[in-house]
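Undergrad: Sharing a structure below in structure tokens format, with a few things to ask.
Values in this text are rule-based calculations from the coordinates and carry no lab data. This is a predicted model, so every value here is computed, not measured. All Cβ positions, glycine included, derive from the backbone under ideal geometry; neighbour counts span all protein chains shown.
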Protein chains: 2
Amino acid sequence: MSLVLDPATQALLFSDARTANTFTDEPVTEEQVQAIYDLVKYGPTAFNQTPLRVVLVRSAEARERLLPHMAEGNRAKTGAAPLVAILAADNEFHEELPRLVPQAPHLKDVFFGERSTRERSAAMNASLQAGYFIVGVRAAGLAAGPMTGFDFAGVQKEFLDDDHTPLMIVNIGKPGEDAWSPARNPRLPFDDVVTTV
Amino acid sequence: MSLVLDPATQALLFSDARTANTFTDEPVTEEQVQAIYDLVKYGPTAFNQTPLRVVLVRSAEARERLLPHMAEGNRAKTGAAPLVAILAADNEFHEELPRLVPQAPHLKDVFFGERSTRERSAAMNASLQAGYFIVGVRAAGLAAGPMTGFDFAGVQKEFLDDDHTPLMIVNIGKPGEDAWSPARNPRLPFDDVVTTV
């Protein structure tokens with residue numbers, strides 16, 4: 001009773017949601033991806049920098065270019081998923097700050113003039129947004145299959161550029177047969193994660 | 001209509017939720033924090049590593065130790081928030097992997113034997129979990145005020161240790177008067193964030 005969120009939605013977003021390894025053939029539409037973005041774009045980031053960028057791998061040709069970069073254990077499911085999204089951090093996000101924080105035009109140069117500062121900030125805030133994105137995929141009634149098992153340099157070279165660092169690749173779709181193992185991996189007990197001072 | 005999530009819950013978690021700068025005096029209970037953790041602990045991480053750790057700053061003494069490390073603009077609100085949480089990444093998360101992924105006892109040493117690898121992985125995955133945590137705070141009907149404006153080295157020394165890297169500090173409570181400015185900062189349009197190949 002400590003949550004406002006109803007139990008069905010708790011299940012949809014977190015407690016019953018699982019990382020899917022198989023999917024049905026049902027396509028993921030452009031409208032669904034737009035709705036996911038229009039929901040999760042509101043998630044907070046430092047100075048509203050919102051550095052997450054997404055590459056949707058839709059064409060068969062692009063999928064073929066992606067698969068050799070996936071770890072062997074991720075290749076078949078990435079080949080079969082209805083939609084594959086490459087999530088990346090934009091290390092030049094500061095160029096967008098004047099329109100993201102119009103009341104503070106100095107932010108761009110004062111806080112983010114150094115590339116190394118931007119890379120650290122973009123990695124942290126884009127990862128935070130990746131968390132929102134996965135919740136958003138589930139909010140659309142879809143399953144996400146996030147993966148870090150791939151050749152990061154290879155994916156960056158093939159699909160991104162020097163200013164965009166890949167974070168993870170996410171398979172998206174309706175879960176298929178035996179989409180996950182019945183036993184869920186355990187989580188740490190509260191007292192091993194949260195301490196009070 | 002592309003989302004399964006109902007509009008009221010979309011508003012609760014994302015579209016109406018704002019970063020709060022003032023709070024009421026209503027306390028945030030231990031039961032609420034436990035409920036938030038028990039919800040968001042299920043969010044996926046790479047190899048179920050779940051490296052996020054949380055320090056709840058509850059005592060007046062601890063709050064006094066924290067405030068000098070906050071950026072001046074964050075000090076008053078951090079002093080007044082009902083609860084303050086320090087979110088950190090555990091760079092020695094691999095020690096927990098045998099109980100988190102019991103079927104793959106080799107993970108700990110094969111993938112995460114190197115400290116630098118662990119630090120990168122912990123930063124990314126704990127940031128991902130910070131995204132889930134902020135959503136969880138909102139799922140409890142509370143407002144979050146995440147901040148990166150503080151002395152990271154100072155907070156690490158005062159509240160953590162060499163194995164735990166601070167990520168952000170989050171004020172938590174019911175939003176108070178004028179908790180945020182009426183105008184919300186803009187977000188990037190879909191086509192500037194999402195590309196299709």
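Undergrad: Which Cα, out of A:ALA153, B:LEU100, B:LEU83, lies furthest along the positive dipole direction of the protein assembly as shown (beta carbon charges, K/R +1, D/E -1)?
TA: The Cα lying farthest towards the positive end belongs to B:LEU83.
Undergrad: Taking a label point 7 Å out from Cα toward Cβ, give me the nm distances from A:GLU31 to the same spot in the other copies, shortest first, one decimal.
TA: Label point to label point, same position, other copies: 4.3 nm.
Undergrad: By the gyration tensor of its Cα atoms, with a ≥ b ≥ c the square roots of the eigenvalues, what is the shape of the stretch B:114-165: rounded for a/c under 1.5, prolate for a/b over b/c, or oblate?
TA: oblate
Undergrad: Going 7 Å from Cα along the Cα-Cβ axis for the label, what nanometre distances separate B:ARG120 from the same residue across the other copies?
TA: So the distances to the same position in the other copies read 1.7 nm.
Undergrad: So what are the radius of gyration and Dmax for the Cα set of the stretch B:44-197, in Å?
TA: Gyration radius and largest Cα-Cα distance of the stretch B:44-197: 17.9, 55 Å.
Undergrad: Then there is this: Sum -39500 (n - 2.57) across every DSSP H segment of at least 4 residues in chain A, then divide by the residue count to get the 222 nm mean residue ellipticity, nearest 500.
TA: Roughly -10500 deg cm²/dmol at 222 nm, from the helical runs in chain A.
Undergrad: What is the sum of charges, Lys and Arg at +1 and Asp and Glu at -1, for the other residues whose Cβ falls under 11 Å from the Cβ of A:GLY176?
TA: Combined, the nearby Lys, Arg, Asp and Glu give -2.
Undergrad: Across peptide A:47-57, how many C-beta atoms of other chains are within 10 Å of each residue C-beta, on average?
TA: The per-residue average across the peptide is 4.
Undergrad: Would you tell me which residue of chain B has the beta carbon closest to the rotation axis bringing chain B onto chain A, and how many whole Å away it is?
TA: B:GLY131, 1
Undergrad: On to the next question. Can you pull out the GluC sites (Glu not before Pro) in the stretch A:110-179 that DSSP calls coil and that have at most 13 other Cβ atoms within 10 Å?
TA: A:GLU114, A:GLU177
Undergrad: Right, something else. Give me the dipole magnitude in Debye, nearest 20, for the protein assembly as shown about the Cα centre, with unit charges on the beta carbon: positive for Lys and Arg, negative for Asp and Glu.
TA: For the protein assembly as shown, the charge dipole is close to 160 debye.
Undergrad: So the label point goes 7 Å from the Cα of A:ALA183 along Cα→C-beta, right? Which residues of the stretch B:33-52 then have their backbone N under 13 Å from it?
TA: none
Undergrad: Just grab the label-to-label distance for A:ALA60 and A:ASP192, each label 7 Å out from Cα along the Cβ direction, in nm (one decimal).
TA: Inter-label distance under the simple model: 4.8 nm.
Undergrad: About its Cα centre, how strong a charge dipole does chain A have in debye, to the nearest 20, once Lys and Arg get +1 and Asp and Glu get -1 at the Cβ?
TA: 240
Undergrad: Add +1 for every Lys or Arg and -1 for every Asp or Glu among the other residues with Cβ under 13 Å from the Cβ of A:TYR37, and state the total.
TA: After counting each charged neighbour, the total is -2.
Undergrad: Quick check: pseudo-label points 7 Å beyond the Cα along Cα→Cβ at A:ALA71 and B:GLU114, how many nm apart are they?
TA: That separation, rounded to one decimal, is 1.5 nm.
Undergrad: Would you mind counting up the charge near B:THR78? Only other residues with Cβ under 14 Å from its Cβ, with Lys and Arg at +1 and Asp and Glu at -1.
TA: Summing Lys and Arg as +1 and Asp and Glu as -1 gives +1.
Undergrad: Shortest first, in nm, what separates the label point of B:ARG65 from those of the same position in the other copies (7 Å along Cα→Cβ)?
TA: 5.3
Undergrad: Additional query: What shape does the protein assembly as shown take by its C-alpha gyration tensor, where a ≥ b ≥ c are the square roots of the eigenvalues and a/c under 1.5 counts as rounded, a/b above b/c as prolate, and the rest as oblate?
TA: It is rounded, given that a/c, with a ≥ b ≥ c, falls under 1.5.
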